[in-house]
Amino acid sequence: MNLREAIETKNRFGSLKFWGNEYEVYKLDPMEVVKEINADVIIDVTNDKNASKWHLEALKRGKGVVTSNKPPVVFDYKELVDSANSKNLPYLFEATVMAGTPIIRLLKEGFLADSVKRISGVLNGTTTFILTSIETGMTFKEALKQVQTAGIAEKDPSNDLKGIDAAYKATILHHLAFYPIDFKEIHIKGIEDLSEEEIREAKKEGTPFRLVATVEEGNVEIKPKKVYENGPLAVSGTSNVAVIETDLLGELMLKGPGAGIKETASGVVGDIIRAAVSICKYL
């Protein structure tokens, strides 16, 4: 009996039913998984900033990719999409922006006759939750603790508070609506410099603060802005919203959950189904 192997199996899979005399525990890093596991689609729900390396390896080996991981799409979008297209493989990333709310698919497929002029949105659920909680009397620390306990914010929330997460999402939207843009060109300011007093006073005046992303051709900006209380950007909780302006349709508003396990799973599983359908077409 190998006690160490039994403990490792329990920790990895949550149950000893997966362990036995003929069971062997494998430790594979993502690149090894891509190279050694026979699969049609590789699914990445990590936060690995270097994941584009094994995404590209998967595509090179004839495997499609579904991901909720933002950095590969932000920093290596063109190379990844070009590689996928050259092999007729799916490279899908719906859950990278607004969780399962289908803004990616909308931008890819919904405006074939339109040109996007501007996207204005509130794309980070953590900052919206914190701001709305402070508006109702919580302290910043209390609001942050609550959003972390709910599993919406990471243990290290700096990417949310500094506007990096929203900037990642806005960059992806620019890639799709216009053309690939260098992340170094994005203008980013988070909510960390807002005081609780400022936040509550703005709410009293009917113009609450929200972390707003503005996406125009060649320009992406993230910063706290006062929005009209009854306007489309004054979302609460963890809701996300995007107002898309096009030349023919005018303004179109897309609002939905922007964070959460089930909500993100909706986007990932939807992409897995689309990937399977896409691959079957070429079998």
Completion exercise
The FRET efficiency for Glu8 and Lys141, from their Cβ-Cβ distance with R0 = 51 Å and rounded to 0.05, is 0.85
Practice task
Beyond 22 Å, what share of the Cα-Cα pairs of the stretch 139-283 is found? Please give it as a whole percent.
Solution key: 50
Exercise for the section: Over 25 Å between C-alpha atoms is what I'm after, so list which of Lys169/Lys223; Lys155/Lys226; Lys63/Lys281; Lys60/Lys262; Lys108/Lys226 land there. Expected result: Lys155/Lys226; Lys60/Lys262; Lys108/Lys226
Handout entry: the stretch 86-128: projected area of the alpha-carbon convex hull, averaged over directions, in nm²
Key = 4.4
Exercise for the section: Could you give me the percent of Cα pairs per 10 Å distance bin for the stretch 38-134, shortest bin first, beginning at zero and ending with the bin that holds the maximum distance? Expected result: 14, 40, 31, 13, 3
Exercise for the section: Count the net charge of all other residues whose Cβ sits under 13 Å from the Cβ of Glu185, scoring Lys and Arg as +1 and Asp and Glu as -1. Expected result: -3
Completion exercise
Once Val45 and Thr149 are pulled to full extension, the length gained, defined as 0.36 nm per residue separation minus their Cα-Cα distance, is 35.4 nm
Handout entry: In sequence order, calculated HN-Hα J values of the stretch 184-194 (Karplus, 6.51, -1.76, 1.60; Hz; x Gly/Pro)
Key = 5, 8, 7, 8, 10, 9, x, 9, 5, 8, 6
Exercise for the section: Using a 1.4 angstrom probe on heavy atoms only, work out the carbon and sulfur share of the accessible area of the stretch 146-210 in %. Expected result: 46
Handout entry: Approximate spin-label separation Arg61-Lys281, in nm, with each point projected 7 Å along Cα-to-Cβ
Key = 2.5
Problem - Label-point separation, Asp193 to Thr214 (7 Å along Cα→Cβ), nm - result: 1.6
Handout entry: J(HN,Hα) series, the stretch 159-166, from Karplus relation 6.51 cos²θ - 1.76 cosθ + 1.60, nearest Hz, glycine and proline x
Key = 4, 6, 5, 7, x, 5, 4, 5
Exercise for the section: Describe numerically, in nm with one decimal, the distance between label points set 7 Å from Cα along Cα→Cβ at Asn88 and at Ser115. Expected result: 3.3
Problem - Å² per residue, accessible surface of the chain at 1.4 Å - result: 53
Problem - Positive-end residue, the stretch 157-216 charge dipole about Cα centroid, Cβ charges, pick of Gly190, Thr207, Ile172 - result: Ile172
Handout entry: Vicinal HN-Hα couplings computed from phi for the stretch 218-229 (Karplus, 6.51 cos²θ - 1.76 cosθ + 1.60; Hz; Gly/Pro x)
Key = x, 8, 10, 9, 10, 6, x, 9, 7, 10, 5, 4
Problem - Rounded to whole Å, sorted largest first: equivalent-ellipsoid semi-axes of the chain, Cα gyration tensor - result: 35, 26, 15
Fill in the blank from the handout: Longest principal axis of the chain (C-alpha) makes with the long axis of helix 77-86 (C-alpha) an angle, in degrees to the nearest 10, of 50
Handout entry: For Asp44, distant residues with modelled amide H under 5 Å away
Key = Val66, Thr67, Ser68
Practice task
Can you tell me the dipole magnitude for the chain around its Cα centre, using point charges on the Cβ only (Lys, Arg +1; Asp, Glu -1), in Debye to the nearest 20?
Solution key: 460
Fill in the blank from the handout: With T = 25 °C, eta = 0.890 mPa s and Kirkwood Rh from C-alpha pairs, the Stokes-Einstein D of the stretch 170-216 in µm²/s is about 192
Fill in the blank from the handout: Once Leu28 and Asp156 are pulled to full extension, the length gained, defined as 0.36 nm per residue separation minus their Cα-Cα distance, is 43.5 nm
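The values are calculated or read from the model by the stated rules, or taken from the named source; none is laboratory data. The shown structure was predicted, so the numbers you read here are calculated from the model rather than taken from an experiment. Heads up, the Cβs are rebuilt from the backbone with ideal geometry, glycines too, and the neighbour counts pull from every protein chain shown. Just the protein is used for accessible areas: all its heavy atoms, side chains included, with ligands, DNA and RNA removed. Shrake-Rupley method; radii C 1.70, N 1.55, O 1.52, S 1.80 Å.
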